[in-house]
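Below is one structure, written out as structure tokens; comments come after it.
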Amino acid sequence: MNIIQRGAAFLQSLRDLAGRSAWDWRRCPSCGDTLTRKHGTYPRRPWLLGGRQELRIQRHWCHRCRGTYSEQSALLLRGSWYGREVRRCALDHWQYGGTSVRRTAALLPALLVAQPRRRPRRTGARWARAPSSGG
């Protein structure tokens, strides 16, 4: 499978994940049984392009295998603080903006919270100035 086919398969898996209904989430990924029940939620606070948002992730419990699983979202990555759109924005900025990884990492928080970017700290500059002769 070449890179184009892998990219198309990945995009199709995201579309399938985003198009799942509540009934589709009733099927257990381990055993395939639909005899499940809701088993609470847990919060996630990922960084998205609109800022940090609180999302509630629904959990399910399977009667047959007695296992739990959670619903997945096409926007979130497992174990990541940032959503897919933020990672894509960072990669696009680094690749097509012609900047360094460090500059992209410094600019990205300003894009997420829509505030002006802080100026880099000038270390040692005030110590290098000559003392003023004030009279």
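Listed values, structure above:
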read-out: Which listed residue is surrounded by 10 or more Cβ atoms within 10 Å (Cβ to Cβ), modelled with pLDDT of 85 or more and closer than 22 Å to Asp16 by Cα, from Arg87, Arg64; value: Arg87
read-out: Matching residues, the range 9-49, being part of a helix (DSSP H, G or I) and within 27 Å of Leu112 (Cα to Cα); value: Phe10, Leu11, Ser13, Leu14, Arg15, Leu17, Ala18
read-out: Options Leu17, Leu11: the member that is hydrophobic (A, V, I, L, M, F, W, C), farther than 24 Å from Leu111 by Cα and surrounded by fewer than 11 Cβ atoms within 10 Å (Cβ to Cβ); value: Leu11
read-out: Odd one out for Ile57, checked against (1) out of contact with any strand residue (DSSP E or B) (no Cβ under 7 Å at 6 or more places or on another chain); (2) part of a strand (DSSP E or B); (3) among the hydrophobic types (A, V, I, L, M, F, W, C); value: (1)
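The values are calculated or read from the model by the stated rules, or taken from the named source; none is laboratory data. Note that the structure is predicted; figures quoted are calculated from it, not measured. Positions of Cβ are backbone-derived with ideal geometry, glycine not excepted, and every protein chain shown enters the neighbour counts.
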